[in-house]
Amino acid sequence: MKRVIYALALICFLSSGKWSFCSEQKINDNSSIIEYTIPVEVGEKFQEFSSSFSYDPYENPYYVMKIMGEKLCEILPEELVGMLREMSKNKGPSILLIKGMPIDRIIPSNDSVLERSKKKGKVSENAMLGIAYIMEHKFYSNIKQQQGRIIHNVAPVKEYEHTSSSLGREPFLLHIENPYERVPPYFLMLLCLEEDQKAETTYFFINDFLKTFPISIIENMKQPEFRIFSGTAYSRVEERIVPLISEEKELEITRLRLCEDHKSSIEPLSVRAKETLHYIEKAFSNYKKSMASVKLKKGECLIFNNGWWINGAREKGVMHGRKGYIENPYRWIQRGYLYPQTLAEKLQIREHKKPGCVILPKRSQRIYDRDRKRFRHI
């Protein structure tokens, strides 16, 4: 019943007297995206409140999260608050686009993204933390990725411009975020501060895709016979041997760990693993018509499920990527990895005790040697 309500395009006046707009944009039979627009006056009210707040979200993230979350609960339309809470439990939409998200009035340009981040205010970070609070999640980041900042800057960096990564300009094929982590993020949050005319965020619902696979391939994907590597954005390369599909019985969820460009990120450790990756590669080429995309504009926030689903539920896990070459050198997306609150706290404690991680020298790079048909480090 709730899904039917989300699917309706409507303009509603809530009991609080705040106008809002909610719609579902259908791309095709297999994919849809829920859109929600925050009223202008609500965004301005939060912007004013956040600008007068003196605590730094990077130094006091959980205190700031609580304060900002309580403020957003007070001023946001009840419909949006309820949708975010249901989404966090995998009962609502799998992908949500929030328009009119509060961000800083002045977004600096003509500097490196790190310098711009230092110069601007913290309205966007505060808004992201507040949304995480409503979802009863926390941000967590590996210390080796952007120095462990809870909110990452996804923007072109000069020495990495020609890479397919969060630091590059090249298109980025479909993937699950951080599949090499012991516990990948549950949700991703992307907030656009500076847009680009060409680049679009792609997304792809995986459940219908996996239903086309033979049982034998699914069973092969459940075997721990795949070595997955971290990408360019990590200061040190990490790797982990994992199954591509795993059932986490404690949380009663199933999780996918997969990258469309598997030749540069996944090494098969058996003959059947190699055959499985070959099958998946062909399946992607046949199923790519189901991929949809959204061009994020300034003040738009995309939140989506990172490739997991509750066993037996209709809601879908999501893979994402980026299409189109980034032409604007100052395109700037802020990104956060969301974990259930208690799990985020456990990950922080175990940060330096990760079994199965192989740490390589900082300058080490991984390439796929097609002649030897294996990965090697240079």
Look at GLU86 and say whether it is among the acidic types (Asp, Glu), surrounded by 15 or more Cβ atoms within 10 Å (Cβ to Cβ) and at pLDDT below 95. yes
Checking PHE304 against (1) surrounded by 15 or more Cβ atoms within 10 Å (Cβ to Cβ); (2) at pLDDT 90 or above; (3) part of a loop (DSSP other than H, G, I, E, B); (4) not acidic (Asp, Glu), the condition it does not meet: (3)
From the list ILE241, ILE206, which one is over 25 Å from PRO156 (Cα atoms) and touching a Gly at 6+ places or on another chain (Cβ under 6 Å)? ILE206
Among LYS282, LYS274, LYS316, LYS289, which is the only one that is of a type in the set (Lys, Arg) and under 22 Å from LYS198 (Cβ atoms)? LYS289
Could you list, in sequence order, all residues of the range 120-149 that are in a loop (DSSP other than H, G, I, E, B) and more than 23 Å from GLY317 (Cα to Cα)? LYS120, GLY121, LYS122, ILE143, LYS144, ARG149
Looking only at residues in the range 58-78 that are at pLDDT below 95 and not aromatic (Phe, Trp, Tyr), which one is surrounded by the most Cβ atoms within 10 Å (Cβ to Cβ)? PRO61
Flag for ARG240 being surrounded by 19 or more Cβ atoms within 10 Å (Cβ to Cβ) and either in a helix (DSSP H, G or I) or not β-branched (Val, Ile, Thr) (or both): yes
Picking from GLU181, GLU200, GLU219, which residue would you name as being farther than 30 Å from PRO108 by Cβ and within 20 Å of the chain's Cα centre (by Cα)? GLU181
Hits in the range 190-220 (condition: touching a residue at least 40 places away in the same chain (Cβ under 8 Å), in a helix (DSSP H, G or I) and either surrounded by fewer than 17 Cβ atoms within 10 Å (Cβ to Cβ) or among the aliphatic types (A, V, I, L, M) (or both)): ILE206, ASP208, LEU210, ILE217
On the basis of being modelled with pLDDT under 95 and surrounded by fewer than 21 Cβ atoms within 10 Å (Cβ to Cβ), does GLU351 make the cut? yes
Every listed condition ((1) surrounded by fewer than 20 Cβ atoms within 10 Å (Cβ to Cβ); (2) out of contact with any strand residue (DSSP E or B) (no Cβ under 8 Å at 6 or more places or on another chain); (3) of a type outside the set (Gly, Ala, Ser); (4) under 27 Å from THR342 (Cα atoms)) holds for LYS118 save (4)
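For the range 246-259, name all the residues that are surrounded by 20 or more Cβ atoms within 10 Å (Cβ to Cβ) and either in contact with a Lys or Arg (Cβ under 8 Å, 6 or more places away or on another chain) or part of a loop (DSSP other than H, G, I, E, B) (or both).
ARG257, LEU258
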Criterion first (part of a loop (DSSP other than H, G, I, E, B) and at pLDDT 90 or above) does GLY312 satisfy it? no
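Please specify each residue of the range 167-210 satisfying the condition of being of a type in the set (Phe, Trp, Tyr) and touching a Leu at 6+ places or on another chain (Cβ under 6 Å).
Let us first name the residues in the range 167-210 that are of a type in the set (Phe, Trp, Tyr), namely 172, 180, 186-187, 203-205, 209.
Residues satisfying the conditions are TYR186, PHE187, PHE204.
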Could you tell me which of the residues GLY92, GLY69 is part of a loop (DSSP other than H, G, I, E, B) and farther than 17 Å from LYS120 by Cα? GLY92
Within the range 267-287, does at least one residue satisfy the condition of being assigned to a strand (DSSP E or B), touching a Ser or Thr at 6+ places or on another chain (Cβ under 9 Å) and polar (S, T, N, Q)? no
Just to be sure I understand, how many residues within the range 272-300 are out of contact with any Cys (no Cβ under 8 Å at 6 or more places or on another chain) and within 30 Å of VAL40 (Cα to Cα)? 4
Only one of these conditions is not met by GLY231: (1) crowded, with 19+ Cβ neighbours inside 10 Å; (2) modelled with pLDDT of 95 or more; (3) not hydrophobic (A, V, I, L, M, F, W, C). Which number is it? (2)
List the number of the failed condition for ASP111; all other conditions in (1) touching a residue at least 40 places away in the same chain (Cβ under 8 Å); (2) farther than 18 Å from GLN341 by Cα hold. (1)
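The values are calculated or read from the model by the stated rules, or taken from the named source; none is laboratory data. What you are looking at is a predicted structure, and each value in this text was computed from that prediction instead of being measured. As a convention, Cβ positions derive from the backbone with ideal geometry for all residues, glycine included, and neighbour counts pool all protein chains shown.
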